[in-house]
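Below you'll find the structure, written out as C-alpha cells, and then a few comments.
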C-alpha cells in the first residue's frame, strides 16, 4: 500500500511557455532530461490497469485544503515546491480514511478558500481564451492576433492532430476587455454563454487560418446600444455558426487525414525504436556473455594454478617420504 510504482517526467509535445516552478516544482532542467512521451507512459501504466481497477486521484483547486483538514497532515510547507508523489499518496490515504474509518469529508468553505476562489475569478477576468487554434500555427504568432501587453500560456491539444488552445493573461480586466474589443469580428455566445469572436489571420505559413477569442467570464451588463443590436447579432451569429460549422467540418477532414499520416509516422517511429532497442539489448547481451566468459577463464586459470601448486606440494611430500624410507633402510 502507498508504494510508488511510477514517478517519471513526461517530455512535452509543445514548447513550454511558463513552467510555474513555484507551484509545480518542475524546472526546465527536469524536462530537458525527460525522454518518455505520453504514449510511453501509457504503455508503462497498462500493466498496472485491468478491468475493475479503481483509480484514485486529485485535481480540484482546493484538494490540498480538504486533504489537510481530513487527515490532519501538512502536505505542502510554505515556500516548498509541489510534489506529485505526496499528492497521490495523500489522495489514497483520504480514500482509505473514508472507507475504513468513515471520516467526515464535508468541510465548510473557510475564509481562505473564499479568498482563493475570488483570486481565481479575478484572474479569469484579466485573461482571454484562444481556442480551435490550428496545429500548424506557432504559438509565437498569436501575438499578432491580440493587441496589448500579455503573456501566453499554451495548452496542448486533447487529441492527436487536433486543435490546441492558449490562455492570454493581462495585467488587469480592463486590458483584457480592451483587447477583446479590438478584435475584429462579430460577438457570439458559446455553450456556456461566454462572449467570443472568430478571427481570421494569415500566419507565416501563408494560408489563412481561423481561431476563436473568448472571454473567461460572462459580461456583467449589456449597454443600451448592444441591446438594440441583439436581433442583428443573433442573425449574424447563426450565419457565422453555419459558416464555422462548415469550415470546421472541412478542417476536421484535413486533420483526420493528417492524423492518419501522423499515426503512420508514429508507428514507423515506434518500429525503428523497437529495432534500436533490440540491437542495443543484443549488444548488451553479447557484452555480458563475453564478460562472463572472461570471468570463467580467470577462474579456470586460478584453479589450474592451485592444482599445479598442489601437485608440487604432493611431489615434495613424496620426495620426503622417499628420503625417510632410504634413511630407515640404511639403519
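Read the figures in this text as sums done on the coordinates, not as results from a lab. Note that the coordinates shown come from a computational prediction; the quantities given were computed from them, not determined experimentally. Neighbour counts run over all protein chains shown; Cβ positions are idealised from the backbone, glycine included.
Once the Cβ-Cβ distance between residue 131 and residue 270 is put in as r, and R0 is 30 Å, what FRET efficiency do you end up with, to the nearest 0.05?
0.50
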Gain in span if fully extended, residue 318 to residue 112, counting 0.36 nm per residue against the direct Cα distance: 64.6 nm
Length gained when the stretch residue 45-residue 285 is fully extended (0.36 nm per residue, less Cα-Cα span): 83.7 nm
Alpha-carbon gyration tensor eigenvalues x 5, square-rooted, for region 108-153, Å: 32, 12, 7
Spin-label pair residue 22/residue 158, simplified geometry with 7 Å Cα→Cβ offset, distance in nm: 3.1 nm
Residue-span extension gain [residue 173 to residue 34] - 0.36 nm each, minus C-alpha spacing: 46.3 nm
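Report Rg/Rh for region 117-220, rounded to two decimals, where Rg is the Cα radius of gyration and Rh the Kirkwood radius.
Numbers: Rg = 13.3 Å, Rh = 14.0 Å.
Rounded to two decimals, Rg/Rh equals 0.95.
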Ordering of 90-99, 160-169, 304-313 by burial proxy (mean other Cβ atoms within 10 Å per residue, highest first): 160-169, 90-99, 304-313
Ranked packing of 28-39, 283-294, 141-152, most packed first, by mean Cβ within 10 Å: 141-152, 28-39, 283-294
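Nearest 0.05, what FRET efficiency do residue 311 and residue 278 give at R0 = 51 Å with Cβ-Cβ as r? It would help to have the intermediate numbers written out before the result.
Details: r = 49 Å, r/R0 = 0.96.
The computed FRET efficiency comes out at 0.55.
For a protection proxy built on the mean count of beta-carbon atoms within 10 angstrom, sort 124-133, 315-324, 207-216 highest first, please.
Result, highest mean Cβ count within 10 Å first: 124-133, 207-216, 315-324.
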